[in-house]
Amino acid sequence: MYNKNNMKEVLNMKKVTHKNFSTTNNGIFEGFGTSICWWGHRVGYSDELAQKSAKLFFSEDGLGLNIMRYNIGGGDDPTHNHIKRSDSAIPGYIDYNKETGEKVWNYEADRNQLNVLEHCYKAAGKDAWVEVFSNSPPYFMTVSGCSSGGKCATDNNLKEECVTEFAEYLAQVSEYIETEKGIRIRSVAPMNEPNTNYWSMNSPKQEGCHIDPGKRQSDVIVETRKAFDKKGLSHIIVAGSDETSTSRQVTAYKKYTDEAKKALGRISTHTYMVHRMKTLSDLRKKEGFNLWQSETDWSGTAGENAGDMASALWFAKKIIKDINGLSPSAWIMWLTIDLHRSKDGYGGNPDWGDYDESKGFWGLTCCDHDKQEIILTQKYYACGQFSRYIRPGMTLIHIDKETLGAYDKENKKVVIVAVNTKGKNKKAEFDLSDFTKVGSKADVIVTSGNTEVGKKWHKENSAQTEGKILKTVLEPNSVTTFIIENTSI
């Protein structure tokens, strides 16, 4: 326990203050989430796996995520067979006859991902936020005739004459999801990492489409807004442009036309690279737009001899770094399942499911298709230390590089999530003197140790506050959540 007679050992006095309240989206946090691409396509054949994943990721008993990003696939030329992942060949909604030019809508093509979306939407309940997004237009709208990219990865691959048709394609699919599936869509992101050299035709990985910043991206944004309005979907906001890095997102925003900026309802960025993060955050403040961190992950590690907590600690620090640096109103991971195991694979391609938590991996879990089970990791539980307790509607509080806070005005409570990457106990002190009233104790939840015997959302004994100070000890290589009720500003 904390030794109040050894105050000199307290590390980094942490001020939890109004001055560090997030102002993005009027201080309203919109949630944590994940894309359903590509794992939804891979697991959705099984109702059992669809239901299990929805409960594990979106229910209040699981991670409590509320944002789900549904990938409207372009669908590749059926004569192509170059995508070798078992999960990423997302079908499109139109069957195209090259010889006649006939286009037939096929609403059953993506039944797997839609099955998962329906279960996740139900599990998320009233806080559910569905965003549809596109990695590429249908292959017949591309210059290369391939939805994985262009002949040259830095050339625009959406035909200029197909911009309106592509926007109408996204609107038609969205209308189907709303009217036929009863799922309310709240935003559309028509481009994904468009200003990169990642997307080449015949790629073995996934769909992708280069679109130059400036007029080309602006045209897509404007035409998407028009197409959705024409369908009576004006409640669905348009987001742009989901660039791979904060630096590229700054460039994209500065090159949007005035018409495109007017059509946008939000700016979304990925944080695989975070150069000019502060520049983007400052630009948000200056221009007044809402900002999401809409995709990220990595096979990173952190901690000292952390074992199974290594990937979990990296992930926790990534959440804190992104939120403290950008002050977004949502934080969304790329996917919750990147690892799959089965003897048969899927779509003619093999699965892979080997991982080592001490060395890092993408995603939070592994799906064993032969056993119809989803295997949880400490990275999954580390995510829940944030998403289960920092809820939509709260206001984020930026504290320091290893600590994130949130204030729930309605329920009068403060949530603090602290990471200890040291291999020994770390004393910490949280100063809440800026609040007019502070509760007498804090509920404590900890994730630490290894997957088999470590702590997973373990409820510890309550920690007592002394006046408006919370003094505590963080376990080695741990993520700890403190909830202080009866606290008001």
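Of the residues in segment 288-306, how many are open to solvent by less than 20 Å² (accessible area, probe 1.4 Å) and more than 17 Å from residue 362 (Cβ to Cβ)?
Total satisfying the criteria: 3.
Are there any pairs with C-beta distances below 8 angstrom linking a residue in segment 252-268 that is without any contact (Cβ under 8 Å) to a residue 40 or more places away in the chain and under 18 Å from residue 188 (Cβ atoms) to a residue that is of a type in the set (D, E, K, R) and open to solvent by less than 20 Å² (accessible area, probe 1.4 Å), with the two at least 6 apart or on different chains, and if so which?
The qualifying pairs are 267/284.
Scan segment 27-41 residue by residue and report those that are outside any strand (DSSP E or B) and either in contact with a helix residue (DSSP H, G or I) (Cβ under 6 Å, 6 or more places away or on another chain) or closer than 11 Å to residue 115 by Cα (or both).
Within segment 27-41, 36, 40, 41 qualify.
Within segment 154-187, how many residues turn out to be out of contact with any Asp or Glu (no Cβ under 7 Å at 6 or more places or on another chain) and not in a loop (DSSP other than H, G, I, E, B)?
Adding up the residues that qualify gives 19.
Can residue 316 be described as part of a helix (DSSP H, G or I), under 27 Å from residue 50 (Cα atoms), touching a residue at least 24 places away in the same chain (Cβ under 8 Å) and small (Gly, Ala, Ser)?
yes
What strands (runs of 3 or more DSSP E), lying completely within segment 399-473, carry at least 2 residues that are surrounded by 19 or more Cβ atoms within 10 Å (Cβ to Cβ) and more than 31 Å from the chain's Cα centre (by Cα)?
Passing ranges, in order: 463-466.
Quick one: what pairs do we get from segment 443-470, first residue closer than 17 Å to residue 416 by Cβ, second open to solvent by 70 Å² or more (accessible area, probe 1.4 Å), C-beta under 6 Å, 6+ apart or different chains?
Pairs found: 445/459; 446/458; 462/441; 464/441; 465/440.
Restricting to segment 48-80, what's the tally of residues that are of a type in the set (S, T, N, Q) and closer than 17 Å to residue 187 by Cα?
Within segment 48-80, residues that are of a type in the set (S, T, N, Q) and closer than 17 Å to residue 187 by Cα number 2.
Conditions tested, residue by residue: (1) open to solvent by 20 Å² or more (accessible area, probe 1.4 Å); (2) free of Cβ contacts under 8 Å to residues at least 60 places away in the same chain; (3) under 30 Å from residue 388 (Cα atoms).
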position	(1), (2), (3)
82	yes, no, no
105	yes, no, no
121	yes, no, yes
124	no, no, yes
159	yes, yes, no
173	no, no, no
177	no, no, yes
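Could you say which residue among 389, 381, 346 is hydroxyl-bearing (Ser, Thr, Tyr), buried (at least 23 other Cβ atoms within 10 Å of the Cβ) and either under 27 Å from residue 21 (Cα atoms) or over 17 Å from the mean Cα position of the chain (by Cα) (or both)?
Only one candidate qualifies: 381.
The values are calculated or read from the model by the stated rules, or taken from the named source; none is laboratory data. Just so we're clear, the structure is a prediction, and the values are computed from it rather than from any experiment. Every residue, glycine as well, gets a Cβ built from its backbone with ideal geometry; the counts of neighbours run over all protein chains shown. For the accessible areas, the whole protein counts, side chains as well, though only heavy atoms, and no ligand, DNA or RNA atoms are used. Shrake-Rupley method; radii C 1.70, N 1.55, O 1.52, S 1.80 Å.
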